[in-house]
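Asker: Have a look at the structure that comes next, please.
The values are calculated or read from the model by the stated rules, or taken from the named source; none is laboratory data. Keep in mind it's a predicted model, so treat the numbers as computed, not measured. A quick note on method: Cβ atoms are made from the backbone with ideal geometry, for glycine too, and the neighbour counts reach across all protein chains shown. Side chains are part of the model used for accessible areas, which takes the heavy atoms of the whole protein and leaves out ligands, DNA and RNA. Shrake-Rupley method; radii C 1.70, N 1.55, O 1.52, S 1.80 Å.
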Amino acid sequence: MEIGELLSFKPSKAIKRPVDGEDDDEDEVEKQKRMRRIARAKANQMTRPTSPTPSIQTLDQITEEERQEILKFVETEQTEGEVIDEATIKKIVLNFEKRCLKNREMRIKFPDSPEKFMESEVELHEILQEMRVLATAPDYYPLLVKLNVIPSLLELLSHDNTDIAVATIELIQEMSDVDILHESEEGAEALIESLLEHQVIALLVQNLDRLDENVKEEADGVHNTLAIVENLTELRTEICNEASKQGLLQWLLKRLKLKVPFDPNKLYASELLSILLQDNNSNRLALSELDGIDTLLQQLAFYKRHDPSNAEEFELMENLFNCLCSSLMAVTNRDKFLKGEGLQLMNLMLREKKTSRNGSLRVLDYAMSGPHGRDNCNKFVDILGLRTIFPLFMKTPKKNRKKVLSAEKHEEHVTSIIASMLRNCRGSQRQRLISKFTENDHEKVDRLMELHFKYLEKVEALDNAIDEDQDNEDDFYMKRLEGGLFTLQLVDYIIVEVCAAGPASIKQRVCQVLNLRGASLKTIRHVMREYAGNLGEEGSKEWRDQEQQHILHLVDKF
């Protein structure tokens, strides 16, 4: 039959009766369809989790002939989707580069006629979507780097069309996903090196400034940008330093200050800021230069009288407290905190009895600890902080059980704050503090002794449970500290300080309680000698030596 005849051939439209043999054809077609249905059912059954009462009835009913048909069908059925190999990747990359070039040329040629370059823009967007398949093959990342794809992608972050920039961010986010990168160490290394070499953080921050979060797609772009930075910092902690140098710290603070209702991007910004400040002193100092302490205090001031409305907002508040605590590890920031009236805000939070009370306790602990907390300690007494802290010392709030902070953590923070004030306060402030322990028939001394016995029992129980013959003494000591020894040391430090500095009635009350419980002063002396021998690394060596001598002197006097 000629080609022309084939093309012009039209089947008859008349309805006709089936002739002999057609039923056989139909039966064959039906049979094939049935085989496909059985094969698909079998495939679905294999992908589903096994039923607690598996049934094999359907399999028993299949004949040998049908089994062979299914097997033949499964073997000949083609798998959907492309297999990713070197040739496929080169093809995708070539296509991507062509469309980038075409779009660039069309934009240059017709800058004032969007309709003329719109088609090339759509094609570019499509290829970016197709390229997401690259994220499934991290082993080929070194090849992508070799083909110079990364600079071409990063160039698109500044594309005039934000849809293109957002699609590029989404692609980079998927490629840099931590779970994906863990599949190939070599691929992860190649990708991260190339991204950093081409200043990825700076380019992402520049792009953030032009994204409008009122548009959902662009808000998603902001979220994915922060995800890229988080992915990179998780794999390379040194990237945290680059993040502050390349403007990310400044953008995060600006984003937190934005007066908009709570949203996921604000939560993510607080989370990323917390990561950047953790164990990174240069970022803490940079935060101070950007007035970050004031920004954090302003954001937290809202929670003075309001509880977070949901779990996500509670997480935001906790992140802000974490940022503040991390920043106070830098000495210069404590002065900024003092001048920014941070103590007054934390004191008010304690009085308001909202959820923020737990975070404010932590912040006060950080602000007043060590030799650099002296100004904050004296100021806290001046703003009548003793009236706030001692009720919390006398009774651990029950509400804390529902509010994340455990009773032990609460008691640790409160005793740490009081111990810091005893260590740092001088003059009238110190006298006001000491006199608190004689009020109401020495009730605070009774509470001290109650805490002493509580944590002494915890430590003794732990000592009996832990194998003392462990190879590493430091690990053994750390477990004891976490198990209650740290709080016991703080409580006993307060006891020896107030006994030495206060009236004789305090020491008499301590001895009286010890006698009633059949205990001895030796226990407190032993705890204090161990404490003096393990002061840690806070402050200068000179300060630690002085503090050690001071504690040993108190023990001898005790």
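Asker: Could you please tell me which pairs satisfy a Cβ distance under 8 Å, a separation of 6+ or placement on different chains, a first residue in the stretch 247-260 that is among the polar types (S, T, N, Q), and a second residue that is surrounded by fewer than 20 Cβ atoms within 10 Å (Cβ to Cβ)?
Answerer: These pairs meet every condition: Q250/L290.
Asker: Sticking with this one: Among I169, I150, which is buried (at least 19 other Cβ atoms within 10 Å of the Cβ) and touching a Gly at 6+ places or on another chain (Cβ under 6 Å)?
Answerer: I169
Asker: Quick check on this structure: which one of E439, E460, E412 is in a helix (DSSP H, G or I) and more than 18 Å from M528 (Cβ to Cβ)?
Answerer: Only one candidate passes the filter, namely E439.
Asker: Say we look at the stretch 203-232 and pick out the residues that are polar (S, T, N, Q) and under 17 Å from the mean Cα position of the chain (by Cα); which of these is surrounded by the most Cβ atoms within 10 Å (Cβ to Cβ)?
Answerer: T225
Asker: Follow-up. Specify which of the listed residues (L181, L157, L196, L235) is open to solvent by less than 20 Å² (accessible area, probe 1.4 Å), closer than 27 Å to D279 by Cβ and touching a helix residue (DSSP H, G or I) at 6+ places or on another chain (Cβ under 8 Å).
Answerer: Exactly one residue qualifies, and that residue is L181.
Asker: Exactly one condition in (1) modelled with pLDDT under 85; (2) under 23 Å from R423 (Cα atoms); (3) open to solvent by 60 Å² or more (accessible area, probe 1.4 Å) is false for D471; which is it?
Answerer: Checking D471 against (1) modelled with pLDDT under 85; (2) under 23 Å from R423 (Cα atoms); (3) open to solvent by 60 Å² or more (accessible area, probe 1.4 Å), the one that fails is (2).
Asker: If a residue must be open to solvent by less than 40 Å² (accessible area, probe 1.4 Å), over 30 Å from M329 (Cα atoms) and part of a loop (DSSP other than H, G, I, E, B), how many such residues does the stretch 500-558 contain?
Answerer: Number satisfying all stated conditions: 3.
Asker: Would you mind finding the one in R447, R432 that is of a type in the set (D, E, K, R), open to solvent by less than 30 Å² (accessible area, probe 1.4 Å), modelled with pLDDT of 90 or more and out of contact with any Ser or Thr (no Cβ under 6 Å at 6 or more places or on another chain)?
Answerer: Exactly one residue qualifies, and that residue is R447.
Asker: Of all the residues that make up the stretch 426-436, how many are basic (K, R) and either within 12 Å of S505 (Cβ to Cβ) or not in a helix (DSSP H, G or I) (or both)?
Answerer: Residues in the stretch 426-436 being basic (K, R) and either within 12 Å of S505 (Cβ to Cβ) or not in a helix (DSSP H, G or I) (or both): 1 in total.
Asker: What tally of residues in the stretch 260-306 results from selecting those that are open to solvent by 30 Å² or more (accessible area, probe 1.4 Å), among the aliphatic types (A, V, I, L, M) and either in a helix (DSSP H, G or I) or within 22 Å of I228 (Cα to Cα) (or both)?
Answerer: Residues meeting the conditions: 3.
Asker: May I pose another question? Out of the stretch 153-187, which residues are assigned to a loop (DSSP other than H, G, I, E, B) and more than 21 Å from the chain's Cα centre (by Cα)?
Answerer: Within the stretch 153-187, H159, D160, N161, E183, S184 meet the criteria.
Asker: Taking the criterion of being open to solvent by 10 Å² or more (accessible area, probe 1.4 Å) and part of a loop (DSSP other than H, G, I, E, B), would at least one residue in the stretch 314-329 satisfy it?
Answerer: Yes, the conditions are met somewhere in the stretch 314-329.
Asker: For the stretch 330-343, name all the residues that are open to solvent by 50 Å² or more (accessible area, probe 1.4 Å) and in contact with a helix residue (DSSP H, G or I) (Cβ under 8 Å, 6 or more places away or on another chain).
Answerer: V331, T332, D335, K336, E341
Asker: Residues of the stretch 123-139 being surrounded by 17 or more Cβ atoms within 10 Å (Cβ to Cβ) and touching a Leu at 6+ places or on another chain (Cβ under 7 Å), which ones?
Answerer: Scanning the stretch 123-139 gives L128, M131, L134, P138.
Asker: Search the stretch 113-126 for residues that are small (G, A, S) and pair each with any residue that is part of a helix (DSSP H, G or I) when their beta-carbon atoms are under 6 Å apart and the residues are at least 6 apart or on different chains.
Answerer: What qualifies is S120/K102; S120/N103; S120/M106.
Asker: Let me ask another. Return the total of residues in the stretch 98-122 being open to solvent by 60 Å² or more (accessible area, probe 1.4 Å) and not in a helix (DSSP H, G or I).
Answerer: Final tally of qualifying residues: 2.
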